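> Before we start, here is the structure in question, set down as structure tokens.
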Amino acid sequence: MKTLDMESLQALVPLHGVLLSKDVVDNWETIESFQARSDDVVIATYPKAGTTWASEIIDMIYADGDHEKCRRDYIFNRVPYLEFRVPGMPTGIDQLNGTPSPRLVKTHLPIHLMPNSFWEKKAKVIYVARNAKDVAVSYFFFHQNVSALPDPGPWDKFLDNYMKGNVGYGSWYDHVKGWWEKRHDYKILYLFYEDMKEEPKREIRKMLDFLGKNMSDDALNKIVYHTSFDFMKTNDKVNYKSLPKEVIDQSTIPFMRKGIAGDWKNHFTVTQNEEFDGDYKRKMSGTDLHFRTVI
Ligand code: A3P
């Protein structure tokens with residue numbers, strides 16, 4: 001891999017009120033004009049909400065529960081990342097244009113930045129949301145691992161930036177609300193990480209129904225087994241250990257870090273928690289969208 005200009009790679013600039021990587025914003029036209037297909041299935045999330053988990057589940061659904069088929073390639077090739085742009089690597093758009101249908105598409109875009117063709121083509125979207133506190137913790141550690149992300153600074157500072165939406169993909173609050181409010185306007189299945197943790201089989205059944213797929217109980221059980229946190233943690237096709245240390249350094253904190261609901265309790269101080277809750281109440285007032293921070 002060629003040497004990367006870290007400063008420019010880590011730069012975040014606003015686009016329609018949302019901070020995105022500068023390279024993505026500079027090339028926004030290529031993303032905005034992306035041509036979706038009617039049988040595309042989009043996995044949309046705010047970062048750290050369980051994107052990789054949902055991606056593996058949906059690829060296993062498309063492989064009828066055959067885990068060997070899902071070992072054909074790494075998750076980032078089986079489910080290309082729409083807005084991905086890192087110099088010297090294929091862009092998400094290039095990858096997707098070269099992928100035969102039916103395509104699985106990963107994105108972290110807020111709904112108002114989604115390329116219009118997804119709606120014109122009536123593509124299906126599975127949105128996974130995770131509670132704001134666990135996302136904040138997971139995102140903080142992720143910033144420490146990934147060289148393309150800016151230095152998060154100490155936890156207190158990162159949490160403050162996160163609450164203000166001064167992080168990549170902007171405000172968690174706007175993201176989860178934006179997709180929630182439009183879930184009946186388009187073909188959107190809105191799921192929660194905490195529900196998936198609590199009862200994966202039930203949530204996978206929702207995905208099957210939404211995708212119009214039938215599956216034997218045996219195949220469904222195989223999906224539950226192969227997409228458990230413990231299994232995925234050691235699966236080199238999904239744990240990103242295949243990527244060089246220069247891209248993601250997992251020597252101290254693995255990508256598959258904890259995989260639980262409620263880890264925030266180990267990181268939020270009492271004061272941080274009180275401030276967070278007060279701010280949360282204001283930002284989430286007027287919505288019927290509710291999260292569980294423990295299960
Ligand atoms: P933690 O950092 O809290 O452990 P994303 O794929 O959107 O980047 O999300 C990553 C988060 O999802 C990490 O959270 C990771 O451990 C968790 N995760 C990945 N696979 C999982 C699985 N099979 N079950 C539960 N959590 C999983």
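Throughout, read-outs are computed from the coordinates displayed, never taken from laboratory work. As the structure is a prediction and not an experimental result, all values here were calculated from the model. When we count neighbours, we look across all protein chains shown, and the Cβ atoms used for this are built from the backbone with ideal geometry, even at glycine.
> What Kirkwood radius, in Å to one decimal, follows from the Cα pairs of region 92-179?
Working: mean 1/r = 0.0668 Å⁻¹.
That comes to 15.0 Å for region 92-179.
> Can you give me the C-alpha center-to-center distance between region 232-295 and region 193-223, rounded to a whole angstrom?
23
> Under a GNM of the chain (C-alpha, springs under 10 Å), which listed residue has the highest mean-square fluctuation: PRO80, PRO100, PRO14?
PRO100
> Antiparallel DSSP bridges in region 1-129: what percent, to the nearest 5? Write down the numbers at each step before the final one.
On the way: 4 of 14 bridges.
Bridges in region 1-129 are about 30 percent antiparallel.
> Looking at the chain as a GNM with Cα springs under 10 Å, which of GLY98, GLY50, GLY65 has the largest mean-square fluctuation?
Greatest mean-square fluctuation among the candidates belongs to GLY98.
> Size of the dipole of region 13-121 about the Cα centre, Lys and Arg at +1 and Asp and Glu at -1 on the beta carbon, nothing else charged, in debye to 20? Don't jump to the answer; show the numbers that get you there.
Details: 11 positive and 15 negative charges, 35 e Å.
The calculated dipole for region 13-121 is roughly 160 debye.
> Quick check: Cα centre of region 122-173 to Cα centre of region 3-75, how many Å?
If you average the Cα positions of each part, the centres end up 15 Å apart.
> Beyond a 30 Å Cα-Cα separation, which of these cross-linked pairs lie in this structure: LYS48/LYS187; LYS121/LYS283; LYS177/LYS201; LYS121/LYS233; LYS157/LYS187; LYS106/LYS213? Working shown, then result.
Working: LYS48/LYS187 23 Å; LYS121/LYS283 33 Å; LYS177/LYS201 26 Å; LYS121/LYS233 35 Å; LYS157/LYS187 37 Å; LYS106/LYS213 20 Å.
Correct reply: LYS121/LYS283; LYS121/LYS233; LYS157/LYS187.
> Let me ask something else about it. Any chance you could list the semi-axes, whole Å, largest first, of the equivalent ellipsoid that the Cα gyration tensor gives for region 1-132, using √(5λ)? The partial results should precede the final answer.
Numbers: eigenvalues 115, 63, 47 Å².
Result for region 1-132: semi-axes of 24, 18, 15 Å.
> From Cα pairs below 8 angstrom and at least 6 apart in sequence, can you work out the relative contact order of region 32-113, rounded to a whole percent?
Values: 91 pairs, mean separation 34.8, N = 82.
This gives 42 percent for region 32-113.
> OK, next. Which one of VAL270, VAL25, VAL247 has the biggest mean-square fluctuation once the chain is modelled by GNM with Cα springs under 10 Å?
Among VAL270, VAL25, VAL247, the largest mean-square fluctuation in the Gaussian network model of the chain belongs to VAL270.
> Pop the C-beta distance of ARG205 and ASP5 into the FRET formula with R0 = 45 Å and round what comes out to the nearest 0.05. Before the final figure, lay out the partial values.
Numbers: r = 46 Å, r/R0 = 1.03.
Calculated transfer efficiency: 0.45.
> Between ASP288 and ASP236, what is 0.36 nm times their sequence separation minus the Cα-Cα distance? Round to one decimal in nm.
Working: separation 52, 0.36 × 52 = 18.72 nm, distance 3.89 nm.
14.8 nm is the gain from fully extending ASP288 to ASP236.
> Next question, about the same structure. Answer with one residue from PRO87, PRO115, SER33: the one whose Cα lies farthest towards the positive end of the charge dipole of region 1-117, charges on Cβ with Lys, Arg +1 and Asp, Glu -1.
The one lying farthest along the dipole's positive direction is PRO87.
> Still on this structure, please answer the following. Only four residue types carry charge here, +1 at the Cβ of Lys and Arg and -1 at the Cβ of Asp and Glu. Report the dipole size of the chain about the Cα centre in Debye, rounded to the nearest 20. List each step's numbers first, then the result.
Working: 40 positive and 42 negative charges, 94 e Å.
Magnitude of the dipole: close to 460 debye.
> At a Förster radius of 22 Å, what calculated FRET efficiency corresponds to the Cβ-Cβ distance of ASP218 and ARG71, to the nearest 0.05? Working shown, then result.
Numbers: r = 19 Å, r/R0 = 0.87.
Result of the calculation: an efficiency of 0.70.
> Same structure, new question: Expressed as a rounded percentage, what relative contact order does the chain have, with Cα pairs under 8 Å and six or more residues apart? Write out the running numbers ahead of the final one.
Values: 401 pairs, mean separation 69.0, N = 295.
Taking the mean separation of contacting Cα pairs over the length of the chain, I get 23 percent.
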